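Q: I'd like to ask you about the structure that follows.
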Amino acid sequence: MKRISVLTLLLAAIALLTTSCGTSDYLQSVTLTSNGATAGGFFNLAGVDGTIQLVATANYHSGKSVVVTNSVTWTVVPTGLDDNGAALPAYGPNTVPISPTGLMTGIVPICTWTDIIVTTGTGSSAVTGPANPPIWAYTGYYQVSATYRNLTSQPIGVGVGVATSNDSPTGGCGPT
């Protein structure tokens, strides 16, 4: 009888330890970051064949973070216009492709930035024109997000400065 009680207590203790000990870890969110030039939280593909490195990170309930860039599905939505007022070209391998390693490259000559128009001087000597040095503002951008295991990251905006802006007195397109 004593043997059965000890065995029962031992089995009960093992059952409690195996069912309540530890917690399961699960994917909580996906974060998308980049190392490209920024302007107010947006990123810029600057210059001909400009690149930015996108990094997708899986964040787990336990606090663990794992870089999963090579395992995500990219979603890219053109938003807004170029500096000529035309719709941005669709995302694809010949415009602003993203490699499997997260490298985004500007191929098509696009400028999604405009130099803000300012007025300098007063009265009859007032002159209105593009700011010099430029004060860049978006006319459009590519909204990028990454999906990993059915969770989608927050979107980031990527402007493209591959062509020279039509309205900048100093040339170029967007922040560098």
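Q: Would you check if there is a residue in the range 110-117 being surrounded by fewer than 21 Cβ atoms within 10 Å (Cβ to Cβ) and aromatic (Phe, Trp, Tyr)?
A: no
Q: So, one more: Considering only the range 59-167, give the strands (runs of 3 or more DSSP E) lying wholly within it that have at least 3 residues that are in contact with a Lys or Arg (Cβ under 6 Å, 6 or more places away or on another chain) and not aliphatic (A, V, I, L, M).
A: Per the criteria, no element qualifies.
Q: Of all residues being in a strand (DSSP E or B) and modelled with pLDDT of 75 or more in the range 22-41, which is farthest from Gly140 (Cα to Cα)? Just the residue, please.
A: Filtering the range 22-41 for residues that are in a strand (DSSP E or B) and modelled with pLDDT of 75 or more, the one farthest from Gly140 (Cα to Cα) comes out as Leu27.
The values are calculated or read from the model by the stated rules, or taken from the named source; none is laboratory data. Source: prediction; values computed, not measured. Reconstructed Cβ throughout: ideal geometry from the backbone, glycine too, with neighbour counts over all protein chains shown.
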